[in-house]
Amino acid sequence: MRAAIIADIHGNADALRAVLCDARRQGAERLIVNGDVVNRGPDSVEVLELLLARPGVQFTLGNHDDLLRLWWARSETLPAEWFDDPFWGATDWSARQLASAGLLDVPAGWPMSLRLEVAGLPCVQVAHGTTAHYRESLSEKTPPARIRTLADQAGAGVLVGSHIHRPAHAWVAGTLVLNTGAVGAPANGDPRAQYLLLSARPDGWQPELRAVPYDRGGVLQRFATSGLLDTGLSAEIFRDEVVTARSLYTPYWQWTEERGLPRTPATWQTFLTAASRTPS
């Protein structure tokens, strides 16, 4: 059995098509979508429709899939000031696109995690972050004690996460720890669409972290032609992440939080200037 585990598509239909085509060529018999199908990019409706049309596909819930539903409902679990902050224009735009297509509530039925089981092999636990929370990072940097706790709670020998937008493959505390990387918005400097191919072999699970080239020109053009870029700063940052294949949004958010600054075009330029002066 061979499974393709993909995640962090983030509204990038061209990257998704490239990965689905590659997974088919590799003989993947099972498709697991490990969260964050939507938001950030211009194609949230298209990517969700593409995946829902595929028989047998399984989903787990990602934080962005959940965010759009919470945003549309003006949930009290989100800070009230966000709803009047222009920085959240891209999120509002994506939520409106899904609502208009009647797809906003589809992720409500997705589980937080799922299990992949083959007789004679260790159980594989799949979650966008971890089984504890979809925002918890899982990689070779996760403390061994935390890995042991997660593996013991799940009764699993393999833990698969996503969320951090970079692939990972490591043995930690006797557990195989894997991260799928991101299909639509990688953050490891490699702009190719990335995913995990996991094969069941008699001697155990064989992971392959794949990176698929695709033409980014189309999705970058749609940032502008769809109207997404017109929503303001956060859309510009999301586009720049596709261009650079680097995490920009999260470090900028943390930088403004530490300094008590608003997230505006002016502070964004200050952040970029400061980052360019920081030794790598």
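The values are calculated or read from the model by the stated rules, or taken from the named source; none is laboratory data. It should be emphasised that the depicted structure is a prediction, and the values quoted were computed from it without experimental measurement. Positions of Cβ are generated from backbone atoms using ideal geometry, with glycine treated the same way; all protein chains shown enter the neighbour counts.
Checked against the criterion of being assigned to a loop (DSSP other than H, G, I, E, B) and free of Cβ contacts under 8 Å to residues at least 24 places away in the same chain, the range 204-226 contains not a single residue that satisfies it. Per this entry, residue 184 is counted among residues that are more than 19 Å from residue 130 (Cα to Cα), in contact with a Lys or Arg (Cβ under 9 Å, 6 or more places away or on another chain) and crowded, with 24+ Cβ neighbours inside 10 Å. Does the range 256-272 contain at least one residue that is out of contact with any Phe, Trp or Tyr (no Cβ under 9 Å at 6 or more places or on another chain), under 27 Å from residue 130 (Cα atoms) and touching a residue at least 24 places away in the same chain (Cβ under 8 Å)? Taking every residue of the range 256-272 in turn, none turns out to be out of contact with any Phe, Trp or Tyr (no Cβ under 9 Å at 6 or more places or on another chain), under 27 Å from residue 130 (Cα atoms) and touching a residue at least 24 places away in the same chain (Cβ under 8 Å). Here the range 164-178 is the region considered, the condition is being crowded, with 16+ Cβ neighbours inside 10 Å and assigned to a strand (DSSP E or B), and the residue that is nearest to the chain's Cα centre (by Cα) is 167. Only one of the numbered conditions (1) more than 22 Å from residue 250 (Cα to Cα); (2) in contact with a Leu (Cβ under 9 Å, 6 or more places away or on another chain); (3) among the hydroxyl-bearing types (Ser, Thr, Tyr) is violated by residue 77, and that is (1). A single entry from 147, 164 fulfils the requirement of being closer than 26 Å to residue 43 by Cβ and in the same structural domain as residue 6 (by TED's automatic domain parsing): 164. Of the residues making up the range 185-193, at least one is at positive phi, out of contact with any Gly (no Cβ under 8 Å at 6 or more places or on another chain) and modelled with pLDDT of 95 or more.
Residues are listed down the side, and each one gets a yes or a no for (1) part of a helix (DSSP H, G or I); (2) touching a His at 6+ places or on another chain (Cβ under 7 Å); (3) of a type outside the set (Ser, Thr, Tyr); (4) without any contact (Cβ under 8 Å) to a residue 24 or more places away in the chain:
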residue: 82; (1), (2), (3), (4): yes, no, yes, yes
residue: 90; (1), (2), (3), (4): yes, no, yes, no
residue: 93; (1), (2), (3), (4): yes, no, yes, no
residue: 98; (1), (2), (3), (4): yes, no, yes, no
residue: 108; (1), (2), (3), (4): yes, no, yes, no
residue: 120; (1), (2), (3), (4): no, no, yes, no
residue: 126; (1), (2), (3), (4): no, no, yes, no
residue: 129; (1), (2), (3), (4): no, yes, yes, no
residue: 133; (1), (2), (3), (4): no, no, yes, yes
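Counting only helices (runs of 4 or more DSSP H) that sit wholly inside the range 1-77, those with at least 1 residues that are among the small types (Gly, Ala, Ser) are 13-25, 44-52.
Close Cβ contacts (under 7 Å, 6 or more residues apart or on different chains) running from residues in the range 58-69 that are in contact (Cβ under 8 Å) with a residue 60 or more places away in the chain to residues that are surrounded by fewer than 24 Cβ atoms within 10 Å (Cβ to Cβ) and among the aliphatic types (A, V, I, L, M) comprise 60/112; 60/114; 61/112. Looking only at residues in the range 247-280 that are surrounded by fewer than 16 Cβ atoms within 10 Å (Cβ to Cβ) and within 22 Å of the chain's Cα centre (by Cα), the one that is farthest from residue 41 (Cα to Cα) is 254.
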